[in-house]
Each structure stands twice: as structure tokens, then as C-alpha cells.
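Note sheet for the following structure.
The values are calculated or read from the model by the stated rules, or taken from the named source; none is laboratory data. Nothing here was measured: the structure is a model prediction, and the numbers come from that model. Here the Cβ positions follow ideal geometry from the backbone for every residue, glycine too, while neighbour counts run over all protein chains shown. Surface areas here come from the heavy atoms of the whole protein model, side chains and all, with no ligands, DNA or RNA. Shrake-Rupley method; radii C 1.70, N 1.55, O 1.52, S 1.80 Å.
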Amino acid sequence: MAEELVAGVDSSTQSTKVVLCRASDGTVVDEASAPHPDGTECHPEHWWDALSRLRGVLERADAVAVAAQQHGMVALDAAGEVVRPALLWNDTRSAPQARALVEELGGPRAWAERTGSVPVASFTVTKLRWMADHEPENARRTERVLLPHDWLTLRLGSDGPVTDRGDASGTGYWSPADGSYAPDVLRAALGRDAEPPRVAAPGERVGTTPWGAALGAGTGDNMGAALGLGLRPGDVVLSIGTSGTAFAVADAPAADPSGLVAGFADATGRFLPLVCTLNAARILEAAAALTGADLAGLSELALAAGPGAGGLTLLPYLDGERTPDRPGATGVLSGLTTTNAARENLARAAVEALLCSLADAVDHLAAQGVRPRRTLLIGGGARAEAVRRLAPAILGTPVTVPEPAEYVALGAARQAAWALAGAAGPPDWPAPPATEYTAGHVEAAVRERYAALRDTAPALGTAAD
């Protein structure tokens, strides 16, 4: 009898990736990828075109599930046609609408208690209000609102529009605590009623693909990564991709009235408190461009400099920021003198800034009761040797770096295997190989200087808010 295969799809801001795995143990037998257009909005057909180019791998699977970027607004009309290009998580134009909605509907505490999160510009609910304010005809045409993974799952053959609790928890109009939508919140944002997708149960089979494969419910990208890594309560993950995220699996929902921690659900029935920064790997890319190095060369430069980068401190809000909520902010380089103006110091300041930003995110999780059992570092930025080696000193804890892999897609594949088996829980796939990094001493002074700059320069570059 042939080995059953499952496919996991990761539809991110930049590309679509597919991994094909053995259902029994998660061994990757094939993978492929195709790019998406760059930007902060994208017509969903581009995602479908990218996925279609990967059918040679995809259609070998006995089951499929899709994990995709969270928060993206896919508005459909009565005929099921896309009303406008999807506004993506990294589009900050709805920052004024986020503030207005928070004020109109009871303030931060009321939002946190009702939906688990205080919405910022990334959230779907704020993008709906932006469309209502700036494109009222498009808002009037909108009959249904999906997320990116929902739309792809529908195209693949789901039995009607369907989402999962993980991705639904990032809309701003679904409650992780009681598992229900808040239609009045959606109505207040869009200015009219619209239908969200049904929320599937974890592990549910939601349809069948054209080639006969079982279709899992899918989830958001961070929830997919948690499933791919096999996280358990107490595991904290720092993911360095286009955005930076710090998240942990928890048994109880979070409701942070400060808005710093989003009280998401995960893909298994637990919860996934999460802190997201808008700037992560792009900090390294920008520093590499300024220093004339590639990412490997940037690591070499950073490791050649001493702790504290000779007095340079970077506030890395290059594209605005989500945590803290400063959507119109810009980057700040402080402490530059003729004696420290060196490529090595600039590279070191960039790596330290990235890690200080993530360390702040871990502190926010701790304030919500997360007690780290171990800290894992993943994502493209985690492949930089300087990031790996400096992380324990900045974070103040040992760091586990799993072997590089497409963990979002692997999580989707694991969910597909769950749907295929019809089991009570996801399959027990082996944990990925990992390397441990420790520090001889903690660089507390670096974090203190970063915090001083962060707290004294909150208004710089915010005129666009």
C-alpha cells in the first residue's frame, strides 16, 4: 500500500510555499515555491496563480491544508467576486480607523475583554472601516469578508466559506474566549452587515479538492508555525520574518487592555498570545544595504564589533511600528560620532536593535502570565549567525534554534494529516533537530540604552498617523 502524503501550503506576503510530507511522521519528500508581488495590498488571484504553479507537488497529496498571512481583508460581492485587492497585515493606512473604532466601542479594556485584542492597523476590522470611509461603493458591494487562507481554501474545494479559530482570532470581530463572532463590531466597521466564514473545529475535514484529497480547515501563519514546531505550553517562539513575532501556546485566553499582546487562539483548541512587530528581517536587509554587505557579511561585521556597537543605538521603526503602536514612525540612529562611524558598529547596532525589539515582546508576554520553559528562534532572520550568537546575551536566556525549515507549511501539513486521519488530535511528528546557544554574560546595558531611546523618542516621525 502506498504511503499517504499530505501537503501544507504557506501563502505569505512574499511567496507561496508547498511542502509534501509523509502523513505518518512528517518527513518532507518534496517542496516548491512561487513568488507573489511585493507591496501592502495584493489581488488574491496572485496567490491562486502562485499556488497553481505548484500543482505538480500539491496534487500528489492525499490531504491539503493552507496556512496564510493573518489579517488580510478579502472582500467579496454577492457573486463571490473580489471587490478590491486585499489589504494586507502590513498595510498601515487604517491606523486612524483603528483609533476611532477603539474609542467608539468602549475603549481598550472593552475590546480586550470582548475580542481578546485591542485592534491596530494590521487587524481586518480596521481595514473594513478604512474601506467604508474611503471606498464607500466597495463597502456597499461587500457581502462577505474572508481572510487569505479562507479564500484559498474555498478555491481548493471547501464546502462553503470556512476558517479556523486561529485565523478568526485575528480579525477583531471574533472572540477566542467564547468562540463566537461579534456581528455588531463587523457592522460598526463596515457600515453594513456582511457574512464571515464558518469557524471549523480543530482537525475538521472541510471539503475535498478537485483531485480527491481531504481538505483541512487551514489557519493563520503563526498558528501554522506553532503546529509545525509541536509547541507545548511554556514554549516561546521568536519568529524573524518580514514581521517579528513572539508567541506562546497557552491553556487560557489572554486579554491585554494595553493592546501590546494579541489574545489569539491557536489551531488545536488552545490559545496563542502573540506580540507582533512590523520590522524584523528587513532591519537586517536595510543594514546590509547601507554597509554594502550581504546578510552573511552583515553577520561578520556585527560580530567584529563590540557589545553596544561603540555607542550606536538604532530604533528600528523603519516602516512604522505595530508594537509599540506607532504606524507613522521612522527609524532613529542615535549616538553617531566620528569615532564610531564604522560599518561594523552599524551592523552590530542593527542586530542588537532587532533583538531588543524581540526581547521587549517577550517581556509583554510575561506580563500576561507566560512563563517561558524554553525560547525558540525561527524564521529567515534566525539564519544570520550574529542573530543566533547575540540572542542569548540580549534576551538573557539560552536560545534553541531549530534546523531551518518551512515551519508554517509543515504546520499546515500536520493539520492536513490530522484531517485525513480523523483523529482526536494532530499526529505526533518528531521534534525538529535544533542547536542550543548560550551566553557567557547578559548585555543588560544594551537593552537599557535601547529602552531609553525607545521611551524618549516616541513622537519622531509620526506626522503621517
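Observations on the structure shown:
- Residue in the range 368-380 that is most open to solvent (accessible area, probe 1.4 Å), counting only those that are at pLDDT below 95 and not β-branched (Val, Ile, Thr): ARG371
- Of the residues ASP193, ASP178, ASP167, the single one that is open to solvent by 10 Å² or more (accessible area, probe 1.4 Å), within 28 Å of ASN138 (Cα to Cα) and not in a strand (DSSP E or B) is ASP193.
- Condition check for PRO273: in contact (Cβ under 8 Å) with a residue 24 or more places away in the chain, under 30 Å from ARG414 (Cβ atoms) and open to solvent by less than 10 Å² (accessible area, probe 1.4 Å): yes
- Count - residues of the range 218-252 that are touching a helix residue (DSSP H, G or I) at 6+ places or on another chain (Cβ under 7 Å) and either closer than 16 Å to PHE271 by Cβ or among the hydrophobic types (A, V, I, L, M, F, W, C) (or both): 17
- Test: residue in the range 352-367 that is over 19 Å from ASN222 (Cα atoms), among the small types (Gly, Ala, Ser) and crowded, with 16+ Cβ neighbours inside 10 Å: yes
- Residue in the range 185-202 that is of a type in the set (Asp, Glu), within 23 Å of the chain's Cα centre (by Cα) and within 24 Å of VAL125 (Cα to Cα) present: no
- Restricting THR330, THR339 to those that are under 30 Å from THR126 (Cβ atoms), open to solvent by 30 Å² or more (accessible area, probe 1.4 Å), among the hydroxyl-bearing types (Ser, Thr, Tyr) and outside any strand (DSSP E or B) reduces the list to THR330.
- Whenever a residue of the range 186-198 is modelled with pLDDT of 95 or more, its partners that are of a type in the set (Asp, Glu), lying with C-beta atoms within less than 7 angstrom and at least six residues away or across chains, give the pairs ARG187/ASP193; ALA188/GLU104; ALA194/GLU143; GLU195/GLU143; PRO197/ASP150.
- Which listed residue is within 19 Å of the chain's Cα centre (by Cα) and either at pLDDT 95 or above or closer than 30 Å to ARG348 by Cα (or both), from ALA409, ALA417, ALA386: ALA409
- Residue check for ALA289: without any contact (Cβ under 8 Å) to a residue 24 or more places away in the chain and not basic (Lys, Arg): yes
- Across the range 1-45, the number of residues qualifying as buried (at least 18 other Cβ atoms within 10 Å of the Cβ) and either on the phi > 0 side of the Ramachandran plot or out of contact with any helix residue (DSSP H, G or I) (no Cβ under 6 Å at 6 or more places or on another chain) (or both) comes to 7.
- Residue match in the range 78-95 (condition: charged (D, E, K, R) and farther than 23 Å from GLY320 by Cα): yes
- Check on ALA293, part of a loop (DSSP other than H, G, I, E, B) and closer than 26 Å to GLY107 by Cα: no
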